[in-house]
Amino acid sequence: MRNRSPIGQLLVDKKIITPEQLKIALHEQKKTRELLGITLIRLGFVDEEKIYLPILAGELGVDFLNLKDFEIPSEVINKIPAKVADHYKVIPVDYRDDVLTIALTNPLDIHTLDDVSLVAGSKVKSVLAAQKDIAEAIRKYYGLGADTIEQMMDTVTVLPQSTERVEDIQELDSEASIGKFINQLLLESYQNRATDIHIEPFENELKVRYRVDGILYDAKVPINIKHFKDSVSSRIKIISNLDIAEKRLPQDGRFKVRVGDVDLDLRVSFLPTPYGESIVIRILSSTKLYSLAELGLASEEEKILDGLIKRPHGILFLTGPTGSGKTTTLYSCLSRINKVDKKIITIEDPIEYQLNGITQIQIHPAIGLNFAVGLRSMLRHDPDIMMVGEVRDTETAEITIQVALTGHLVFSTLHTNDAASAVARLLDMGVEPYLVASSVLCFIAQRLVRVICPKCKKPVHVSAEMFKEMGIDPKALEGVTIYEGKGCEDCNLTGYKGRQGIYEFLPITEEIRNLIIERASAAKIKDKAVELGMRTLRERGWEKVKRGITTPSEVIRVTQQEEI
């Protein structure tokens, strides 16, 4: 074997790092006792994949493989079981002439190579790859928690679909393993910024999907997880304090977990289906609150909203479909005005954020505590400001309006497509027009648009048809650069990372108030509001396109219902 220079000196000789940087890294390494290469990467002196690993591979006499740009055939993956790949942190990448090529971080580890060769039943050749790329490849090709599922499959007898199911008592011993799998599922979903986890049983599979930035994506899970769907369901019920014996009726529960220093509140919903129970877990961070500036409000919108939430009385309605960020905006408003001289009470379903200094009530319809009952009780608690999670019926609407008319500031939400339709919704509930006109300060419609990933953002050409669909004058395109996300590792190849709100403010001016009293249609109210200067959701979306925040297709996606 040829003589090899120490990697630090080699990098200095190639003028990749300076002698001073090597000295700093060696000093740091003495404290951390980690490999010098890891120290150099952590300090930012070298790039792991572009510089360090290729040089290290050349020095070790092996090839370097960038796994992110490499597709591995399934027949190669099948050469090594998931539990072996996970235990040794290796991934098979090629098989030919009875030689299996595996990627690992230490290609000279003889013990690992011998053990993998014994399992694969063939000769083994090694290549160098980044540790995080190997871990990602194991998840990608074997599925989340595949080693756990394989170990459980070794202890469970799986019967044909047509046979009556017989419980194997050994399955009870796998409860801890199911718990480990669920923990892995929760951790990965949180790391991927998911807001919901969907666990859906079908005839021949158990599908798992994450909702990230409002869009559902398949989660890669082992196919054998289908044999443990009842165990998964039971485990989630146990930690949610639900009845594990009840599988015919819907159930709702909650539990909490901690990831690092972040507490997550998880809401669980079970629905019975012909193939088992469908489960949805909503992930709520009890610590993350957004300021008004972080919501995506334009400067003039933030100024308007800031003035509205400081009014002494009246109602502020947020409108939009489920998942459009209404509650988050309301919490941001409450956080802004949460002062020691204000008594703030909320009634919600569910309580999504814990707010210090604010009294929060969770409704319980099963025991008779609904929004209307809670509102009456809240009035006797001497509040200054109140938040009603949602106005769903006539009784709640009327009480909310009476509360506002008696000198309280009230925040609430309605499910309508735009701001003007909220007026029609209240009138349809049976609320008198003069009560709406005299109590409501403003209707605000809201949507969430995905933000272009900054790591893979690039200028693109957009067809004239798309701008026509957005209702944009071609003259407005002069000097405007349109961007899209190409898709990268940082955004999971979606081209988007994060979301911002777009808003449509409909303040109740004298002209709008007169139209409400006349029971004018939503279309007429909207036309008058636009005439008075209201910017529609689509117009606000176009402003974010011009600023390079989002894409035309994204604005069309979230505002198409408004146009319909």
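The values are calculated or read from the model by the stated rules, or taken from the named source; none is laboratory data. Just so we're clear, the structure is a prediction, and the values are computed from it rather than from any experiment. Glycine gets a Cβ as well: all are built from the backbone with ideal geometry, and neighbour counts include every protein chain shown. Each accessible area value is taken on the protein alone, full model and side chains, heavy atoms only, with ligands, DNA and RNA left out. Shrake-Rupley method; radii C 1.70, N 1.55, O 1.52, S 1.80 Å.
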Fill in: Enumeration of residues in the range 349-368 that are more than 17 Å from D263 (Cβ to Cβ), surrounded by fewer than 16 Cβ atoms within 10 Å (Cβ to Cβ) and either in contact with a Lys or Arg (Cβ under 7 Å, 6 or more places away or on another chain) or of a type in the set (A, V, I, L, M) (or both)
A366, I367
Discussion item. I'd like the full set of residues that are over 26 Å from K140 (Cβ atoms) and either in a helix (DSSP H, G or I) or under 31 Å from the mean Cα position of the chain (by Cα) (or both), limited to the range 37-71.
Written reply: T39, L40, L43, G44, I55, G58, E59
Practice prompt. Scan the strands (runs of 3 or more DSSP E) fully inside the range 85-138 and keep the ones with 3 or more residues being of a type in the set (A, V, I, L, M) and either open to solvent by less than 10 Å² (accessible area, probe 1.4 Å) or under 17 Å from L60 (Cα atoms) (or both).
Written response: 99-104, 123-128
Worksheet item: So is L284 modelled with pLDDT under 90, buried (at least 17 other Cβ atoms within 10 Å of the Cβ) and in contact with a strand residue (DSSP E or B) (Cβ under 6 Å, 6 or more places away or on another chain) or not?
Response: yes
Item to complete: Check I472 against each of (1) at pLDDT below 95; (2) within 23 Å of T509 (Cα to Cα); (3) open to solvent by less than 40 Å² (accessible area, probe 1.4 Å) and name the one condition it does not meet.
Response: (2)
Worksheet item: If you take the residues in the range 180-216 that are closer than 16 Å to L493 by Cβ and part of a loop (DSSP other than H, G, I, E, B), which one is least open to solvent (accessible area, probe 1.4 Å)?
Response: D213
Fill in: Of the criteria (1) hydrophobic (A, V, I, L, M, F, W, C); (2) crowded, with 16+ Cβ neighbours inside 10 Å; (3) more than 30 Å from P250 (Cα to Cα); (4) free of Cβ contacts under 8 Å to residues at least 40 places away in the same chain, which one A293 fails
(2)
Discussion item. Any residue that is in a helix (DSSP H, G or I), farther than 30 Å from R499 by Cβ and at pLDDT 90 or above - is there at least one of those in the range 217-233?
Written reply: yes
Fill in: Odd one out for E34, checked against (1) part of a helix (DSSP H, G or I); (2) at pLDDT below 85
(1)
Item to complete: Look at the range 383-398 and say how many of its residues are crowded, with 22+ Cβ neighbours inside 10 Å and in a helix (DSSP H, G or I).
Response: 2
Discussion item. Among the residues of the range 444-462, what is the count of those that are over 21 Å from E301 (Cβ atoms) and either of a type in the set (K, R) or at pLDDT below 75 (or both)?
Written reply: 3
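Out of E543, E484, E510, E531, I need the residue that is among the acidic types (D, E) and open to solvent by less than 60 Å² (accessible area, probe 1.4 Å). Which one?
Details: E484 fails: open to solvent by less than 60 Å² (accessible area, probe 1.4 Å); E510 fails: open to solvent by less than 60 Å² (accessible area, probe 1.4 Å); E531 fails: open to solvent by less than 60 Å² (accessible area, probe 1.4 Å).
Selected residue: E543, the only one of E543, E484, E510, E531 that is among the acidic types (D, E) and open to solvent by less than 60 Å² (accessible area, probe 1.4 Å).
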